[in-house]
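What follows is a single structure, written as structure tokens, with notes after it.
The values are calculated or read from the model by the stated rules, or taken from the named source; none is laboratory data. Computed from a prediction, not measured in an experiment: that's the story for all the values here. When we count neighbours, we look across all protein chains shown, and the Cβ atoms used for this are built from the backbone with ideal geometry, even at glycine.
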Amino acid sequence: MLFIGEIVSPAGIDSDRWIAVINSHPALANVPPRMGINPFTRQPCEYDAPPTSAMVRADDTDIGSVCWAMDGSPALIVEAEADAVDAVASVAEEIARTLGGQFKRQLSED
């Protein structure tokens, strides 16, 4: 996925409000658990995504993601599949308005 920008707010983004948006927005879904191997025990285990991580979906297909910044800053990182940048950006703008912030588009080819 491509990094396409971030959602920020001068007042900060409240994580509880963001989680409520994930649970109520029709284009968002919680990130499902994934199976992996525990590096210490070498046994299969289930890894859960943080509740502040969401997939952006269209027609039952994941087209992007919106996740709390890994550095702990009160910002949401927005990523999109290459063929869905505009659709994900539109959802990000709607999320930003709902949270009282703004979506800063910064398309990166990395």
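Scanning the range 36-71 for residues that are part of a loop (DSSP other than H, G, I, E, B) and either within 18 Å of the chain's Cα centre (by Cα) or of a type in the set (Gly, Ala, Ser) (or both) gives 48, 49, 50, 51, 52, 59, 60, 69, 70, 71. Just one of the numbered conditions (1) out of contact with any Ser or Thr (no Cβ under 6 Å at 6 or more places or on another chain); (2) over 16 Å from residue 9 (Cα atoms); (3) assigned to a strand (DSSP E or B); (4) not polar (S, T, N, Q) is not true of residue 84: (3).
Remark: pairs (first residue in the range 67-79, closer than 19 Å to residue 107 by Cα; second residue among the aliphatic types (A, V, I, L, M) and not in a loop (DSSP other than H, G, I, E, B); Cβ separation under 6 Å; 6+ apart in sequence or on different chains) = 67/77; 69/77; 75/8; 76/7; 76/66; 78/4; 78/66; 78/92. The listed residues are 69, 58, 87, 92, and the only one of them that is modelled with pLDDT under 95, closer than 16 Å to residue 1 by Cβ and surrounded by 13 or more Cβ atoms within 10 Å (Cβ to Cβ) turns out to be 69.
Given the structure, is residue 51 in contact (Cβ under 8 Å) with a residue 12 or more places away in the chain, under 21 Å from residue 3 (Cα atoms) and surrounded by fewer than 18 Cβ atoms within 10 Å (Cβ to Cβ)?
Details: in contact (Cβ under 8 Å) with a residue 12 or more places away in the chain: yes; under 21 Å from residue 3 (Cα atoms): yes; surrounded by fewer than 18 Cβ atoms within 10 Å (Cβ to Cβ): yes.
Answer is yes for this residue.
For the range 2-48, the set of residues classified as in contact (Cβ under 8 Å) with a residue 60 or more places away in the chain and at positive phi consists of 5, 12, listed by residue number. Figure legend. Inter-residue proximity from the range 85-99: first residues within 15 Å of residue 17 (Cα to Cα), second residues part of a helix (DSSP H, G or I), beta-carbon distance below 9 Å, spacing 6+ or different chains. Indicated pairs: 95/18; 95/21; 98/17; 98/21; 99/17; 99/18; 99/21. In the range 25-35, is there at least one residue being of a type in the set (D, E, K, R) and out of contact with any strand residue (DSSP E or B) (no Cβ under 6 Å at 6 or more places or on another chain)? No, the range 25-35 has no match at all.
Here is the figure for the range 7-35: residues that are assigned to a strand (DSSP E or B), closer than 16 Å to residue 50 by Cα and either within 12 Å of the chain's Cα centre (by Cα) or among the basic types (Lys, Arg) (or both) total 4.
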